[in-house]
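Q: Encoded as structure tokens, here's the structure I'll be asking about.
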Amino acid sequence: FFFLMIRRPPRSPLSSSSAASDVYKRQVSTQSTGDLFGMACKMMMTTALLAMTWTSASAQVWPQPHEMRLSGPPRPIHPGFKLQVAENSSFTGDQGLLTDAIARYSAAINVGAEAPNAIQTMRVTVTDPDQSLGSLTDYSYELVINTDQNHGAIVARSVYGAMYGMETMAQLVNKEGDLYGSEIEIADRPQYAWRGLMIDSGRRFFPVPLVQNLVDTMAALKLNVLHLHASDHCRFGVESKIFPELTQALVGDKAGHYSQEDIKQLQEYAKARGVRVVPEFDIPGHSRGMLPLESKGLKFCTHDPTRSQLYNDASNSTYDVLHSLLAEMAGLFQDEVFNIGCDETAAKGVCTVNSTFSIERELIKDIGSDYGKVAEGWEEILFDAGAATPDTIVNAWARHNASSITTTGRKAVESSSAHFYFTGAAPGGAAGWSKCHYDIATGVPADQRHLLLGGEMSMWSDTYCQTAQCGASTGALPVGHQLFAPSTDQEFGRSIGGMIWPRGYVAAGSFWNYNSTLDPSSAEFVASIWKLNDQLANRGALVCPSNCSCDQLTACGKPYLQL
């Protein structure tokens with residue numbers, strides 16, 4: 001049997017002149033040049049004859065690889081199978097990240113029966129020792145397994161690309177420990193550099209173990225940006241040494257914050273999986289969590305019990321507090337990007353439009369000049385406040401899309417609420433995830449595509465607040481308010497996982513390499529998503545069970561809480 005998926009004009013890893021392919025050629029030096037040339041020709045001929053968009057081969061790996069060829073019958077993984085660093089690798093840096101990843105994926109790859117043609121080893125090569133993680137990180141990789149050899153190769157420029165190659169390898173093996181084909185060639189790379197998930201820990205706190213679980217699932221889906229919305233109406237969720245009052249006030253049902261050591265360890269954990277951590281401290285709106293700093297000079301637009309928007313007073317008292325606080329926070333996070341939100345503000349009380357927007361402009365300037373970071377904010381930072389500098393990254397989410405931002409010459413992240421907001425529950429299966437299959441480059445001219453950094457899904461926790469917006473508004477109790485208290489952390493984790501996954505898998509595919517020919521409601525697509533869901537659940541991912549629907553309080557109709 002032979003199956004093929006190809007998305008773009010093919011570039012065989014065996015005929016490429018890339019450094020990664022050269023390394024692979026050294027690994028298969030037992031083959032003659034003629035053999036290699038013949039294999040390359042065979043791949044190109046088969047590509048011309050059998051180009052497809054969705055086949056049994058491509059359905060095994062998600063997100064879909066950029067280029068993939070799979071042929072032959074299933075082939076077992078040897079019981080003694082090993083992932084190992086290739087002996088002739090030119091990688092000379094600290095191999096801690098690589099060896100740790102090898103250990104993780106060695107446990108994730110199923111093994112099968114002992115047989116003469118069983119795959120015994122996959123040799124992993126990283127060609128660049130640079131382990132920095134940021135907007136320029138190269139996540140590309142190549143994976144090759146030949147019929148006549150008992151070993152294969154994963155070759156990547158960065159250690160993070162090698163991780164993605166190992167993830168792909170894990171998905172290519174079924175639960176019986178058999179590869180889906182006997183000969184495999186993959187050349188893969190993302191279409192976008194920003195493939196994100198936003199979690200709202202400024203309302204309902206996301207405990208560290210939950211964040212780690214989400215990062216594990218992100219890595220499996222080749223998502224690489226964790227957008228940590230760390231402050232909002234319910235809390236300022238990161239420890240400040242300058243203003244300890246912020247987290248000292250979080251007690252009882254409102255308890256929950258990250259210590260500075262937690263932030264350090266979370267970043268290390270995420271980096272070990274190729275995931276950046278981009279913080280967001282939302283100002284001047286959504287700032288009710290900063291109420292403990294009123295005694296330090298922070299001023300609000302109103303004095304009513306629901307006050308939540310900061311006032312840029314003429315004496316600069318609010319600005320001085322924010323400048324010091326945000327400088328401390330910027331120093332805790334390694335990533336080059338620092339997000340200050342700047343969404344959903346209004347003229348209210350003593351706050352005018354000008355006073356509100358002026359503090360945004362000042363702080364955006366400070367992020368670059370004083371903190372040494374690249375500023376980011378929601379679309380209002382550009383279209384309402386006019387605070388976005390030419391370097392500011394802008395998230396499109398409501399009234400605008402990415403093309404509106406790139407037209408101004410600025411970099412954009414598409415966070416469309418119509419496609420990628422998971423605040424509300426959705427039915428299981430295609431009815432719930434089809435909207436996530438969306439081309440984030442819609443309307444972006446070809447000469448502006450370089451400004452579209454990528455896309456992001458958002459898991460807001462409004463519906464888990466113990467009261468409406470933690471007192472910033474009035475109204476009925478949110479549907480998930482029973483899961484607000486720290487005593488329900490385990491149930492909350494299962495609920496959040498079920499709200500994000502598996503519909504988030506489809507969003508991840510849109511961010512990696514969007515394929516307009518796919519039908520997210522087709523039987524093949526649905527089966528592939530449920531297969532991946534079961535595989536990740538077996539690894540410990542918190543997901544909505546396959547063939548089920550989940551909401552804030554239930555999974556498959558069964559409540560998380562036994563009241």
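The values are calculated or read from the model by the stated rules, or taken from the named source; none is laboratory data. Keep in mind that what you see is a predicted model, and the values were worked out from it rather than measured. Note that each Cβ is placed from the backbone with ideal geometry, even for glycine, and that neighbours are counted across all protein chains shown. Note: accessible area is taken over every heavy atom of the protein model, side chains too, but ligands, DNA and RNA are not part of it. Shrake-Rupley method; radii C 1.70, N 1.55, O 1.52, S 1.80 Å.
Q: Modelling each spin label as a point 7 Å along the Cα-to-Cβ direction, I'd like the residue 442/residue 255 distance in nm, to one decimal.
A: Between residue 442 and residue 255, the simple spin-label model gives 4.5 nm.
Q: Further question: So for the range 140-273, considering every pair of alpha-carbon atoms, how many percent are separated by more than 25 Å?
A: On the way: 3899 of 8911 pairs.
Within the range 140-273, distances greater than 25 Å cover 44 percent of Cα pairs.
Q: Can you give me the convex hull volume of the Cα atoms of the range 237-362, divided per residue and expressed in Å³?
A: Spread over its residues, the Cα hull of the range 237-362 gives 118 Å³ apiece.
Q: Which option, [x] 212; [y] 162; [z] 147, is the value of volume of the Cα convex hull per residue in Å³ that was calculated from these coordinates?
A: Looking at volume of the Cα convex hull per residue in Å³ for this model, the match is [z].
Q: Hey, what does the equivalent ellipsoid look like for the range 433-562, semi-axes from the Cα gyration tensor as sqrt of 5 times each eigenvalue, largest first, whole Å?
A: 31, 21, 12
Q: Also, I was wondering about something else. With axes computed from alpha carbons, what is the tilt in degrees of helix 523-538 against the longest principal axis of the chain, rounded to the nearest 10 within 0 to 90?
A: Tilt of helix 523-538: around 80 degrees.
Q: Convert each backbone phi in the range 206-217 into a coupling constant with the Karplus relation 6.51 cos²θ - 1.76 cosθ + 1.60 (shift: θ = phi - 60°), then list the ³J(HN,Hα) values in order as whole Hz, x for Gly and Pro.
A: Computed from phi, the couplings for the range 206-217 are 9, x, 3, x, 5, 4, 4, 5, 5, 5, 4, 5 Hz.
Q: Return the sequence-ordered ³J(HN,Hα) values of the range 101-112 in whole Hz as given by the Karplus equation 6.51 cos²θ - 1.76 cosθ + 1.60 applied to θ = phi - 60°, using x for Gly and Pro.
A: Karplus values, whole Hz, x for Gly and Pro: 5, 4, 5, 5, 6, 4, 6, 8, 8, 5, 10, x.
Q: Write down the Å³ per residue value for the convex hull defined by the alpha carbon atoms of the range 445-512.
A: Taking the convex hull of the Cα positions in the range 445-512, it is 138 Å³ per residue.
Q: In whole percent, how big is the carbon plus sulfur part of the accessible area of the range 225-291, probe 1.4 Å, protein atoms only?
A: After summing per-atom areas, the C and S share lands at 49 percent.
Q: Next up: For the range 461-478, just list the computed ³J(HN,Hα) in residue order, Karplus coefficients 6.51, -1.76 and 1.60, θ = phi - 60°, integers in Hz, with x standing in for Gly and Pro.
A: These are the phi-based 3J(HN,Hα) values: 10, 3, 6, 10, 4, 6, 9, 4, 6, 6, x, 7, 8, 10, x, 5, 5, x Hz.
Q: Return an integer: the convex hull volume of the alpha-carbon atoms of the range 316-368, in Å³ per residue.
A: It is 81 Å³ per residue.
Q: How far apart, in nm, are the 7 Å Cα→Cβ label points at residue 334 and residue 479?
A: That separation, rounded to one decimal, is 3.8 nm.
Q: Moving on to the next point. Quote the Stokes-Einstein diffusion coefficient, in whole µm² s⁻¹, for the range 285-343, based on the Kirkwood radius over alpha carbon pairs, a temperature of 4 °C and a viscosity of 1.567 mPa s.
A: Details: Rh = 12.4 Å.
So the translational diffusion coefficient is about 104 µm²/s.
Q: Take every DSSP beta bridge with both residues inside the chain and express the antiparallel ones as a percent of the total, to the nearest 5.
A: Beta bridges within the chain, antiparallel portion: roughly 40 percent.
Q: Additional query: For the range 434-563, give the percent of accessible area contributed by carbon and sulfur heavy atoms, probe 1.4 Å, rounded to a whole number.
A: Ligands and nucleic acids excluded, carbon and sulfur give 53 percent.
Q: Please compute, over every Cα-Cα pair in the range 288-421, the percentage with a separation greater than 20 angstrom.
A: So the pairs more than 20 Å apart make up 48 percent of the total in the range 288-421.
Q: Just to confirm the number: angle between the C-alpha axis of helix 159-171 and the first principal axis of the chain, 0 to 90 degrees, nearest 10?
A: That helix lies at roughly 70 degrees to the long axis.
Q: So if R0 is 25 Å, what FRET efficiency would residue 115 and residue 84 give, r being the distance between their Cβ atoms, rounded to the nearest 0.05?
A: Approximately 0.80, to the nearest 0.05.
Q: If you don't mind, there's one more thing I want to ask. Return the long-range amide H neighbours of residue 124 (sequence gap of 5 or more, or a different chain), with a cut-off of under 5 Å between placed amide H atoms.
A: 84, 85, 86, 154
Q: Can you give the extra length, in nm with one decimal, that the chain gains between residue 314 and residue 100 once fully stretched, where that is 0.36 nm per residue apart less the Cα-Cα distance?
A: Going from the current span to full extension adds 71.7 nm.
Q: In degrees, nearest 10, range 0 to 90: what is the angle between the Cα axis of helix 317-332 and the longest Cα principal axis of the chain?
A: 20
Q: Sequence-distant or interchain residues sharing an amide H contact under 5 Å with residue 555, placed H: which?
A: Amide H to amide H, under 5 Å and 5 or more residues apart or across chains, residue 555 pairs with 560.
Q: List the pairs from 264/531; 82/558; 264/558; 271/296; 222/435 whose alpha-carbon separation is above 30 Å, in the order I gave them.
A: The pairs that break the limit, which is 30 Å between Cα atoms, are 264/531; 82/558; 264/558; 271/296.
Q: Next question, about the same structure. What lysines could a cross-link reach from residue 299, if we take a straight Cα to Cα line under 18 Å and drop same-chain neighbours fewer than 8 places away?
A: Within the straight-line cut-off, residue 299 pairs with 348.
Q: Let me ask you something else. Calculate, for the chain, the solvent-accessible area per residue in square angstrom, rolling a 1.4 angstrom probe over the heavy atoms of the protein chains.
A: Result: 36 Å² of accessible area for each residue.
Q: Follow-up. For residue 176 and residue 407, FRET efficiency with R0 = 56 Å and r from the beta-carbon atoms, rounded to 0.05?
A: 0.60
Q: Label-point separation (nm) for residue 148 and residue 556, each offset 7 Å from Cα along Cα-to-Cβ?
A: It is 4.9 nm.
Q: Taking amide hydrogens as modeled 1.01 Å from N in the peptide plane, which residues meet the under 5 Å criterion relative to residue 300, leaving out close sequence neighbours?
A: When sequence neighbours closer than 5 places are left aside, the close amide H contacts are 311.
Q: Another one. Could you look at the range 90-142 and say what percent of its accessible area is carbon and sulfur, using a 1.4 Å probe and all protein chains?
A: Result for the range 90-142: 50 percent of the exposed heavy-atom area is carbon or sulfur.
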